[in-house]
1. Among the helices (runs of 4 or more DSSP H) lying completely within segment B:290-351, list those that include at least 1 residues that are free of Cβ contacts under 8 Å to residues at least 60 places away in the same chain and basic (Lys, Arg).
2. Do we find a residue being over 19 Å from the mean Cα position of the chain (by Cα) and not in a strand (DSSP E or B) anywhere in segment B:80-89?
3. Kindly check whether there is at least one residue in segment A:50-61 that is more than 11 Å from every other protein chain (Cβ to nearest Cβ), of a type in the set (D, E, K, R) and either touching a residue at least 12 places away in the same chain (Cβ under 8 Å) or surrounded by fewer than 19 Cβ atoms within 10 Å (Cβ to Cβ) (or both).
4. Restricting attention to segment B:112-144, and to residues there that are more than 7 Å from chain A (Cβ to nearest Cβ) and among the hydroxyl-bearing types (Ser, Thr, Tyr), which single residue is nearest to residue B:58 (Cα to Cα)?
5. Do you know which of the residues in segment A:62-71 that are surrounded by fewer than 19 Cβ atoms within 10 Å (Cβ to Cβ) and more than 15 Å from residue A:22 (Cα to Cα) is nearest to the other protein chains (Cβ to nearest Cβ)?
6. Which of the residues spanning segment A:8-21 are part of a loop (DSSP other than H, G, I, E, B) and buried (at least 19 other Cβ atoms within 10 Å of the Cβ)?
7. Looking only at segment B:1-46, count every residue that is part of a helix (DSSP H, G or I) and either of a type in the set (Ser, Thr, Tyr) or more than 18 Å from residue B:330 (Cβ to Cβ) (or both) and tell me the total.
Amino acid sequence: MNGTTTLSASRDPLTGQLYVPPRRFAADGSLRECEAVQVAAQGVLLAHTSYGGTAYGLLDLDSGTRIQVRLLGDGPHTCGARYHGVRNEDGKVVFDHE
Amino acid sequence: MNDVYVVGVGMTVFGAHGPGMGVALGVEAARAALADARTSFAGIEAVYAGSAHPLSPRGVLVARELGLTGVPVQHVSNASATGLAAVHEAATAIEAGRVDTALVIGLDSPETEMPTESVITSEGNLPPAVSFALWAGQRIGEHGTTLGHLAAVAAKNWNYARDNPFAARRAPHPVDADRILNSRIVADPLTAMMCTPWGEGAAAAVLCSGQALARFPEDRAVHLAASVTRSERYNPGEVLQGAIVGSAALTRDTARAALQQAEIGPDDVDVVQVHDAFAIEEILYYELLGFSEPGQTEELIEAGAFGPGSRKRFGLPEFSTDGGLIARGHPGAPTGLAQIWETVRRLRANDPDRIGMCHLLGSGATCIVQVLQRP
């Protein structure tokens, strides 16, 4: 495992709207190209569950975006706690308590 | 624009039929719908066939079995919303005056085994149970919804399915909330009895224009008063909550538009078939479809609203009266036609129901809401 990582995202250059995961075009149909950015993989856990031996969470990133993520291990996981992303052995981002 | 009527409905049992049964199931459902409309395939001017599973047979293979009459056969696919999408396309053709009669078939039965969940995850989604378990967790944290509320909704739908001969899950005895809560955990807090079993099957409907109504028995017709389909709309700053069924605004906006098109309000609706693949969904859709407000929904569930007698006791419609996706099953495309089947059954029956609503979402995300009205 490595330390806290970042997530690929994109930003609408006109409105500043962030998209995680990234979108190529702004969502308003203008076909305005978004710029690629990285956002910190950290935020607050809103809800969590476990399915088939894997833990998942709903996370409000500090960047203001809500995403569904994989959580590290079986927990215990805590709603309202701060989580950050780390890369696992497969190079994928999973989230754990900060 | 021509009025559109549903004059025949039919369906097969939903459940595990096994590979290679797709065409036979489609033919069975179509024959049942045509018989219900007291007509034959020779009286059909267009076929709209829907399937959501990539390994289900194409509808033209069903139409070919029913007759080589040269009618146009269009294929429709829109994930879980496919069945209502096929109805929408057929209705659009009738409204435009291109045809006066159409057969709509929803068919999903893969030719080789491939679980529905595999299809959904192959599109980059999390397993559906995960997304909706997270919805449930969020709702519990923000609104005080309990496991008991989720179980009460699921038990209601299981008990409705006991009277549906086509339901995938027919419990021999009444189901209570404890039994729901004690079933296997799928994705905490969702138990197996709170989740759709998916399944296979087919369902169909015969649609006609107002001009063609005289060709069918008078007691068959139910008016399609509204059909609205939407995909997600961009709202600056909106937080999307997952890839499967989009934002809350999607259902809210589609339902409002459908009610407006039908020139009615939520108070006029007697019965609703809703996308209850997971119990948490039905609770959220009580609010998003306009029948309840946050802060009152849980109390209404505790009092027995949205179940048998809800209209009389609470002035609120009954929901998922054939067992819903939780108990009737959710094969994919047939689901929307099963909703039409149930709504037509309710509106034809000799009881006070006059207006029904059908609601489905398709992964991606799309939403379709249709309103049916007894003439």
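Derivation of every value follows stated rules applied to the coordinates shown; laboratory data play no part. Computed from a predicted model, the values in this text were never measured in an experiment. Glycine also receives a Cβ, built like all others from the backbone with ideal geometry; neighbour counts cover every protein chain displayed.
1. B:310-314
2. Taking every residue of segment B:80-89 in turn, none turns out to be over 19 Å from the mean Cα position of the chain (by Cα) and not in a strand (DSSP E or B).
3. No, every residue in segment A:50-61 fails to be more than 11 Å from every other protein chain (Cβ to nearest Cβ), of a type in the set (D, E, K, R) and either touching a residue at least 12 places away in the same chain (Cβ under 8 Å) or surrounded by fewer than 19 Cβ atoms within 10 Å (Cβ to Cβ) (or both).
4. Among them, the one singled out is B:112.
5. Among those that are surrounded by fewer than 19 Cβ atoms within 10 Å (Cβ to Cβ) and more than 15 Å from residue A:22 (Cα to Cα), it is A:70.
6. Scanning segment A:8-21 gives A:12, A:17, A:20.
7. Qualifying residue count, segment B:1-46: 14.
This table checks each residue for (1) touching a residue at least 12 places away in the same chain (Cβ under 8 Å); (2) assigned to a strand (DSSP E or B).
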position	(1), (2)
A:23	yes, no
A:38	yes, yes
A:46	yes, yes
A:75	yes, no
A:78	yes, no
A:85	yes, yes
A:91	no, no
